[in-house]
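Structure first, commentary second.
Values in this text are rule-based calculations from the coordinates and carry no lab data. All values derive from a computational prediction rather than experimental measurement. Heads up, the Cβs are rebuilt from the backbone with ideal geometry, glycines too, and the neighbour counts pull from every protein chain shown.
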Amino acid sequence: MTEDTLGWLEDVDGDRAMAWVRDRSAEAEEELRADPRFEPIRAGIQEALEADDRIPLVTVVGGHLYNFWTDAGHERGLWRRTGWDSYLDGEGETEWEVLLDLDRLSSAEGEQWVWHGARILRPDHDRALVALSRGGSDADVTREFDLTTRTFVPDGFVREEAKGSLSWVDRDTVYASTDVGPGSMSSSGYPLTVRRWTRGTPLSEAPEVFAGGPDDMVVGAEHDPTPGFERELVACAHGFYSEHRYLLSPDGHPELLDLPESSRLDLHRQWLTVELRHGWTVTQDGAETTHAAGSLLVIELDRFRAGERDFRTVFAPDEHSALTDWFWTRSTLVLTVLRDVRHEVLVSTPSATGDAPTTSTLETGASDLATLTVSAVDADESDDLWLITTSWLSPMRLSLVRMGVGPAAADVQPVRAAPERFDAAGLELSQHWATSADGTRVPYFQVAPRDLALDGTAPTVLHGYGGFEQALTPAYDPIVGGAWLSRGGVYVVAGIRGGGEFGPRWHQAALRSERHRAYEDFVAVARDLVARRVTSVPHLGCSGRSNGGLLVGNMLTGFPDDFGAVVCQVPLLDMVRFSRLLAGASWMAEYGNPDVPEDRESLLTFSPYHRVDGGRTYPPTYLATSTRDDRVHPGHARKMAELLRGLGQDVTYWENTEGGHGGASTPAQWSVWHALPWTFLHRRLATGDPGSQSSTGMSRT
């Protein structure tokens with residue numbers, strides 16, 4: 001293979017590379033900010049992101065409800081908490097106790113801090129391990145915080161900047177997974193060692209609890225403080241879908257849990273819960289039982305450790321259904337299931353007698369095409385649930401589900417409802433199916449005017465992801481609504497293979513050498529939209545981020561005659577180099593290993609950077625990334641933009657110097673991050689007279 005003459009753009013902060021970034025970004029802004037649609041779109045997005053009447057979602061710990069909040073006066077955010085009475089008071093304004101002001105902290109320390117979360121000490125609830133990122137990168141720092149004085153603890157636990165974490169063992173002890181010197185980090189940039197660190201001692205002297213090998217991906221440990229069920233669990237991931245899990249004995253000896261390496265597990269009180277990515281055959285009393293991929297199983301942990309394998313099946317998929325999420329409350333197992341990509345919530349109570357679990361559907365009252373998100377209010381103390389309902393045309397609603405004696409007696413109590421952020425009058429959400437090249441039916445959702453004229457002229461954006469078993473379902477998005485839908489556009493989301501819409505089988509159908517299935521699915525949806533006369537190629541754009549950026553990169557280079565414009569953000573594009581760039585090695589289970597000849601041959605078939613043909617004309621392309629993205633290297637987008645630019649193609653490139661893999665860190669940054677590509681799409685897909693769009697498209701109720 002010829003030498004990569006654009007490799008200098010992989011020098012993230014190099015002078016030459018950054019001069020190129022500044023020039024390209026200035027060109028993009030000069031063109032797009034001049035469009036009369038840009039500023040109304042940008043202002044409307046920022047207004048929605050900073051609105052005071054958004055729902056403050058909370059996490060319950062020790063009787064307090066914690067929330068992280070950004071608004072116009074606090075762009076980097078406030079970590080705060082309140083009490084139950086104040087939060088549930090439907091009449092008055094919630095009274096918040098501010099714990100940490102990130103804007104003040106950033107100003108005082110000369111940093112651009114981005115919130116990465118906090119772990120609160122149990123059962124005392126008076127200390128927290130706060131994680132902060134510089135500029136939004138995955139690498140972060142951890143500092144111990146006193147929730148009583150609302151200050152960082154002098155001489156407390158501090159983890160220096162790296163990918164990793166600290167987690168509580170007890171008040172004076174933490175597990176530290178982080179960079180401790182040569183050999184302690186994997187080729188993906190994640191920690192390979194866990195140390196038990198005692199207060200007042202140097203991290204360098206902390207005893208090692210577990211160490212992975214040089215070919216492993218990441219190692220972590222956690223302490224379960226549940227009274228009567230205290231234990232230590234270590235996980236060593238060999239790849240993205242393969243890991244060993246160990247219980248640590250009091251003397252530190254690791255006991256391997258004999259489970260499929262590709263399975264997911266959870267330990268909750270006496271229960272071991274296992275979700276299967278692949279089929280698994282077990283033997284109990286001389287009889288074999290095979291559990292299907294996508295199943296959820298439970299068994300008492302003590303019985304499992306004693307050699308018993310009589311798992312109870314909580315969920316088994318069929319060709320229409322998939323398990324997308326599950327968690328424990330204090331005594332029940334709650335499942336979110338997709339049936340033909342439509343949500344339902346199941347509540348299961350495992351039996352201690354060995355009988356099959358009792359499982360029933362939770363009646364939520366939500367519409368058929370709503371997305372349902374449930375979580376435990378307090379898994380240590382309660383069976384109650386938080387329930388969030390949303391769809392593309394219905395703003396978020398938060399309810400508290402008081403479970404009582406079971407799902408049949410559940411009381412769904414509305415707590416808060418977000419207002420409409422754009423004019424959805426006359427729009428409708430519908431589900432459709434396209435047929436892929438091999439005959440597979442592929443679902444997609446469409447939001448369009450109810451009276452849409454099927455004449456092929458509607459400006460339409462098709463969005464997708466198709467990777468890592470992640471499903472795309474309807475959710476209210478004021479950005480898409482205000483920037484596109486309320487301005488006459490049609491928005492479509494495709495549930496292609498590689499995703500999780502139908503569980504592991506759907507994901508695994510597009511792994512590695514089968515990746516082309518995802519791309520065939522996506523273009524099948526595009527062609528179905530044209531065949532249905534929703535739109536036509538000159539008016540059809542596509543968008544994708546991260547793995548979705550790889551997806552639309554393959555639309556650009558593999559199916560350029562099917563799209564009128566492409567928006568490609570924080571993408572993977574060089575599939576020969578991806579495993580050597582930042583966290584890329586961790587995704588070889590998804591794509592393949594470029595150092596293995598047969599894998600390399602396959603990767604070249606879906607490496608957009610290598611599929612560019614100098615003799616072809618490609619649709620107008622918008623590429624964007626972040627200098628601080630330490631997950632997907634910004635060199636992917638940079639090199640692709642310069643390659644297309646050198647060939648005289650219509651390419652627009654913009655790079656935010658902050659934001660990490662998300663692309664932005666503050667509402668102001670987010671407003672620009674989103675307004676630029678939506679303005680680009682309006683310009684390239686011919687959505688009418690720019691001067692006719694003078695409002696933000698956002699409703700102000």
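Using the Cα gyration tensor of the range 414-540, with a ≥ b ≥ c the square roots of its eigenvalues, what is the shape: rounded (a/c below 1.5), prolate (a/b larger than b/c) or oblate (neither)?
oblate
Counting helices only, and only those DSSP H runs with n ≥ 4, report the 222 nm mean residue ellipticity of the chain as the sum of -39,500 (n - 2.57) divided by its residues, in deg cm²/dmol to the nearest 500. Present the calculation step by step, with values, prior to reporting the outcome.
Working: 14 runs with 135 residues, N = 701.
Taken over the chain, the calculation gives -5500 deg cm²/dmol.
Residues of the range 51-79 with the amide nitrogen closer than 13 Å to a label point 7 Å from the Cα of residue 93, along Cα-to-Cβ, please.
So the set is 52-53.
Normalising by the residue count of the range 149-270, find the relative contact order in percent from Cα pairs under 8 Å and 6+ residues apart. Provide the component values of the computation, followed by the final result.
On the way: 232 pairs, mean separation 18.8, N = 122.
Once normalised by length, the contact order is 15 percent.
Return the whole-Å distance between the Cα centroid of the range 421-446 and the Cα centroid of the range 76-118.
First find each Cα centre; the distance between them is then 38 Å.
Show me the ranking of peptides 274-283, 565-574, 85-94 by mean Cβ neighbours inside 10 Å, starting with the highest.
Details: 274-283: 17.0, 565-574: 27.2, 85-94: 11.5.
Highest-to-lowest ranking by the protection proxy: 565-574, 274-283, 85-94.
Quote to one decimal, in nm, the extra length available between residue 3 and residue 288 on full extension: 0.36 nm per residue of separation minus the C-alpha distance between them.
Values: separation 285, 0.36 × 285 = 102.60 nm, distance 5.47 nm.
Full-extension gain reported as 97.1 nm.
Could you rank the peptides 539-546, 670-677 by their average count of other C-beta atoms within 10 Å per residue, with the highest value first?
Details: 539-546: 25.5, 670-677: 23.2.
Order by mean packing, descending: 539-546, 670-677.
Suppose R0 equals 41 Å; then what is the FRET efficiency for residue 647 and residue 69 from their Cβ-Cβ distance, rounded to the nearest 0.05?
On the way: r = 46 Å, r/R0 = 1.13.
The pair residue 647/residue 69 has a calculated efficiency of 0.35.
Need one word for the range 103-185: rounded, prolate or oblate. Basis is the Cα gyration tensor (sqrt eigenvalues a ≥ b ≥ c); a/c below 1.5 gives rounded, then a/b vs b/c decides.
On the way: a/c = 2.00, a/b = 1.06, b/c = 1.88.
Because a/c hits 1.5 or more and a/b fails to exceed b/c, the range 103-185 counts as oblate.
For the range 1-68 and the range 459-479, what is the separation of their Cα centres, given in Å?
The distance from the Cα centre of the range 1-68 to that of the range 459-479 comes to 19 Å.
For residue 514 paired with residue 107, estimate the spin-label separation in nm (one decimal), with each label point 7 Å from Cα along the Cα-to-Cβ line.
Here the answer is 5.5 nm between the modelled labels.
For a test of the definition: using alpha carbon positions, the gyration tensor, and the 1.5 limit on a/c, classify the range 1-118 as rounded, prolate or oblate.
On the way: a/c = 3.04, a/b = 1.92, b/c = 1.58.
Judged from the Cα gyration tensor, the range 1-118 comes out prolate (a/c at least 1.5, a/b above b/c).
Can you tally the net charge around residue 501? Count Lys and Arg as +1, Asp and Glu as -1, for every other residue whose Cβ sits under 15 Å from the Cβ of residue 501.
Values: positive: 339, 342, 441, 497, 505, 517; negative: 318, 319, 325, 340, 344, 469, 521.
Spelling it out: positives minus negatives among the neighbours equals -1.
For the range 130-159 and the range 377-407, what is the centre-to-centre distance using only Cα atoms, to the nearest Å?
31 Å
Please turn the phi angles of the range 213-229 into ³J(HN,Hα) values with the Karplus equation 6.51 cos²θ - 1.76 cosθ + 1.60 (θ = phi - 60°), one per residue in order, whole Hz, x for glycine and proline.
Calculated HN-Hα couplings, in order: x, x, 9, 6, 9, 6, 10, x, 9, 8, 9, 9, x, 4, x, x, 9 Hz.
Sorting check: for 618-625, 555-562, which peptide has the highest mean count of neighbouring beta carbons within 10 Å, and how do the rest follow? Don't skip to the end; give the middle numbers.
Details: 618-625: 24.8, 555-562: 19.2.
Per-residue mean Cβ counts within 10 Å order the peptides as 618-625, 555-562.
For the range 358-452, run through the trypsin sites (Lys or Arg not before Pro) and keep only the ones in DSSP coil with at most 13 other Cβ atoms within 10 Å of their Cβ. Intermediate values should be presented prior to the final figure.
Details: sites: 397, 402, 416, 421, 441, 450; in loops: 421, 450.
Filter output for the range 358-452: 450.
Quick one: Kirkwood hydrodynamic radius for the range 319-418, alpha-carbon pairs, angstrom, one decimal? Walk me through the intermediate numbers first.
Working: mean 1/r = 0.0716 Å⁻¹.
Kirkwood hydrodynamic radius for the range 319-418: 14.0 Å.
Under a 5 Å amide H to amide H cut-off, with H placed in plane at 1.01 Å, what residues pair with residue 463 once short-range neighbours are removed?
Residues meeting the criterion, in which the H sits 1.01 Å from N, are 492, 493, 494, 543.
Could you grab the relative contact order for the chain? Cα pairs under 8 Å, six or more apart, rounded to a whole percent. It would help to have the intermediate numbers written out before the result.
On the way: 1642 pairs, mean separation 86.3, N = 701.
That works out to 12 percent.
May I ask you to derive the relative contact order of the range 319-418, considering only C-alpha pairs under 8 Å and at least 6 residues apart, and to give it as an integer percent? Kindly include the intermediate steps, with their values, before the conclusion.
Working: 219 pairs, mean separation 19.1, N = 100.
With pairs under 8 Å counted, the relative contact order is 19 percent.
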